[in-house]
Number of protein chains: 2
Amino acid sequence: MERPSLESFTARHHLDSRSLCAQIVEAREGAIAVRSAQAATDNLTRIIEATLRLANRKGFAAMTLRELARESGLSLGGLYAYIGSKDELARLIQAWVSRTLRRVMASALEDIDDSRSRLATAIEAHLLTTEALREWFFFLYMEAHHLASDERRQAVAAERNSEQIFADIIRQGQADGHYGAMNADIAAGLVKAMLQDWYLKRHKHGERGLDVAAYADTVTAATEALLATRA
Amino acid sequence: MERPSLESFTARHHLDSRSLCAQIVEAREGAIAVRSAQAATDNLTRIIEATLRLANRKGFAAMTLRELARESGLSLGGLYAYIGSKDELARLIQAWVSRTLRRVMASALEDIDDSRSRLATAIEAHLLTTEALREWFFFLYMEAHHLASDERRQAVAAERNSEQIFADIIRQGQADGHYGAMNADIAAGLVKAMLQDWYLKRHKHGERGLDVAAYADTVTAATEALLATRA
DNA sequence: GCGAAAATATAACGAACGTCCGTTATACAT
DNA sequence: ATGTATAACGGACGTTCGTTATATTTTCGC
């Protein structure tokens, strides 16, 4: 199976801001005061993209709604046709990026049985997803700690879930005799740390001329090497 | 050489909040309006520890000086005997945690020549330092993006510097024939990602019953395995 | 144990925040 | 061409922010 390019992966899984915003508009039917789904999606996309731009630069708490209005092109009052409050805006973004990762990982892994293929595919899918929605994931990581306890618990659960996917693959590989006896949860944690570094330190990787496919190869090779050891 | 415990390492390198605050008081001679260095250190320690507690829970921007006064036990106006402004408080913490890591890494590595010993020592020193000053490092990581451009550049430079230490060790090991030909900068980046995961996801590791020494062994083994490959 | 000096507490300021609401502009139907 | 539903605007409200000026308490040499 040939490897997907970032573009084809993005298109296949609808990993662009507008697609996510369209889903949000649909799911929040009634909570948004604008009737036309088309226009609502347009404006919500501008609001959320502006939020990611501002919040990732100076922090969500430090971003004011006046800045957001200016940056998104809407008026201050106009924002409230799309969001119930500033806090709800953060919760919206976080909830949707979490469920998008879960959806894409599940989709990318279905019909793949061999444990080593699953490992490489999972690493690649994680990296491509976070690359396509880089600002969304950066926002989730940086702001998740400040959520109220309910949403925070949900974000932690999503994180655990994605790590669990890797741990399960590793255990399968160990059962198949491909990997040594290293603790699968700890190994999965190391993999997750390397994967998150991709979108957390994007600027550094860009300067090095490392692209997402090359980084996927590197992380996969590193993980295979790590798992080959008989700890 | 026997491995240092967290306690002995902390004591040897003065990695407690009060020691750092004492250094800050000394360095800021004149900027603090309280004459007694002893009393000034006491209060500054309470201020900074309260800042780390509040800011790491809800974010520095969302933390108010009224909360900080309550949490630290000082009055609102009294805070200004120790800090010039709220922003300066953040800059103080960030600057001192950066230079502390640099100082400790240099100190831990001196007199160690063998590249494989240097790698294990550097990994261990990094983990023990961030473990001893966990809240400080968490604060640095989470708030560094929001600094003004000057201080931001300084924080990025400190991060590069610590990564460079690992890259240099890896290059030395490659020259000595211990390691394969993998790109040293990229490998150092992966190591750094695993090291930072320790203090960024502290709660998770605690739940797993993983202590800092065991994690050091895991990361060292993973790095050795990774570097053994002939990419 | 008294008075100057140092340290802390209290109170107040202007600015800026999130939110809301009366009004105006636009689009579609009649 | 007129009337009605829809969307967006932008200023004002009450609150809370960081900061500073003033008052009070504590400390300590004599």
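Annotations for the structure displayed:
- Between copies, the label points at B:Leu109 (set 7 angstrom from Cα along Cα-to-Cβ) are spaced 3.7 nm, reported in nanometres from shortest to longest.
- Cross-linked pairs A:Lys204/B:Lys192; A:Lys204/B:Lys204; A:Lys58/A:Lys86; B:Lys58/B:Lys204: Cα-Cα separations exceed 23 Å for A:Lys204/B:Lys204.
- Distance from the Cα centroid of the range A:1-65 to that of the range B:105-162 is 36 Å (rounded to whole angstrom).
- Counting Cβ atoms of other protein chains within 10 Å of each residue's Cβ and taking the mean over peptide B:26-36 gives 0.
- In the assembly of identical copies, A:Glu26 has its label point, taken 7 Å from Cα in the direction of the beta carbon, separated from the corresponding points by 6.4 nm (ascending, one decimal).
- Radius of gyration and maximum dimension Dmax of the range B:93-159, Cα, Å: 13.2, 40
- FRET efficiency, B:Asp16 to A:Arg153 (Cβ-Cβ, R0 45 Å, nearest 0.05): 0.90
- Each copy carries a label point for B:Glu2 at 7 Å from Cα along the beta-carbon vector; from one copy to the others these points are 6.1 nm apart, nearest first.
- Calculated FRET efficiency for the pair B:Ala181/A:Arg28, C-beta based, R₀ 35 Å, to 0.05: 0.10
- Computed Kirkwood radius, in angstrom, where 1/r is averaged over Cα pairs of chain A: 18.9 Å
- Spherically averaged projected area of the range B:6-75 from its Cα convex hull (nm²): 5.6 nm²
- Counting only alpha carbon atoms, the long axis of helix A:184-200 and the longest principal axis of chain A meet at about 40°.
Each reported figure results from applying straightforward, stated rules to the coordinates on display, with no laboratory input. Everything numeric in this text was worked out from a predicted model, so none of it was measured. Ideal geometry is used to build each Cβ from the backbone, glycine not excepted, and the neighbour counts take in all protein chains shown.
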